[in-house]
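Everything on this sheet refers to the single structure shown next.
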Amino acid sequence: MTADAPFGGDPAYPNPEQLLLAAAASCRLLSFLALAARAHVDVLEYADDAEAEMPVGRERMRITRIVLRPRVRVGDGTDRALVTRLLHEAHEECYVARLAHHRGRDRAGGHVLMSVYGSVKWDSARA
């Protein structure tokens, strides 16, 4: 582990900010996979275009927003509404997301929380 590159860290190693983002994304992934298994949903692929924002110029730097954009590919015949519901339930069950949700408000009055944006991709071929 290292500091972020602008602070003299080695970009070949992860920094704490990247690890926090990875924790949020992987927590939601694992929560979703557990819920999908219980619901007998055949998950063929899961990818997440996750990003975090840490504005420069604040007195005390911090991550102010984490956005998760999961893309899920499932087997034919899977109910789209079910998968969408499971994605939202996974967010609610993920303890990292709950931790981020309850941070309070920033100076501008905005919530410091993890935003959830998701889409569902469907498998066009037979699984």
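Quick look at the numbers
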| item | result |
| --- | --- |
| Subset of the range 57-71 (residues that are closer than 19 Å to Pro16 by Cβ, of a type outside the set (Ser, Thr, Tyr) and either touching a strand residue (DSSP E or B) at 6+ places or on another chain (Cβ under 6 Å) or modelled with pLDDT of 80 or more (or both)) | Ile63, Arg65, Ile66, Val67, Leu68 |
| Selection status of Arg73, basic (Lys, Arg), surrounded by 15 or more Cβ atoms within 10 Å (Cβ to Cβ) and under 12 Å from the mean Cα position of the chain (by Cα) | no |
| Residue within the range 49-63 that is part of a loop (DSSP other than H, G, I, E, B), within 13 Å of the chain's Cα centre (by Cα) and buried (at least 17 other Cβ atoms within 10 Å of the Cβ) present | yes |
| Every residue from the range 1-32 that is aliphatic (A, V, I, L, M) and part of a helix (DSSP H, G or I) | Ala5, Leu19, Leu20, Leu21, Ala22, Ala23, Ala24, Ala25, Leu29, Leu30 |
| Counted residues, the range 28-81 - those being under 22 Å from Tyr95 (Cβ atoms), in contact with an Asp or Glu (Cβ under 7 Å, 6 or more places away or on another chain) and of a type in the set (Gly, Ala, Ser) | 2 |
| Near pairs, Cβ below 6 angstrom, 6+ apart or cross-chain, from the range 39-51 (of a type outside the set (D, E, K, R)) to any residue that is assigned to a loop (DSSP other than H, G, I, E, B) and surrounded by 16 or more Cβ atoms within 10 Å (Cβ to Cβ) | Val41/Thr78; Leu44/Asp123 |
| Contacts under 7 angstrom Cβ, first residue in the range 70-83 being touching a residue at least 40 places away in the same chain (Cβ under 8 Å), partner among the polar types (S, T, N, Q) and not in a loop (DSSP other than H, G, I, E, B), 6 or more apart | Arg71/Ser119 |
| All positions within the range 33-48 that are part of a strand (DSSP E or B) and surrounded by 11 or more Cβ atoms within 10 Å (Cβ to Cβ) | Val43, Leu44, Tyr46, Ala47, Asp48 |
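The values are calculated or read from the model by the stated rules, or taken from the named source; none is laboratory data. Just so we're clear, the structure is a prediction, and the values are computed from it rather than from any experiment. Using ideal geometry, Cβ is built from the backbone for each residue, glycine included, and neighbour counts are taken over all protein chains shown.
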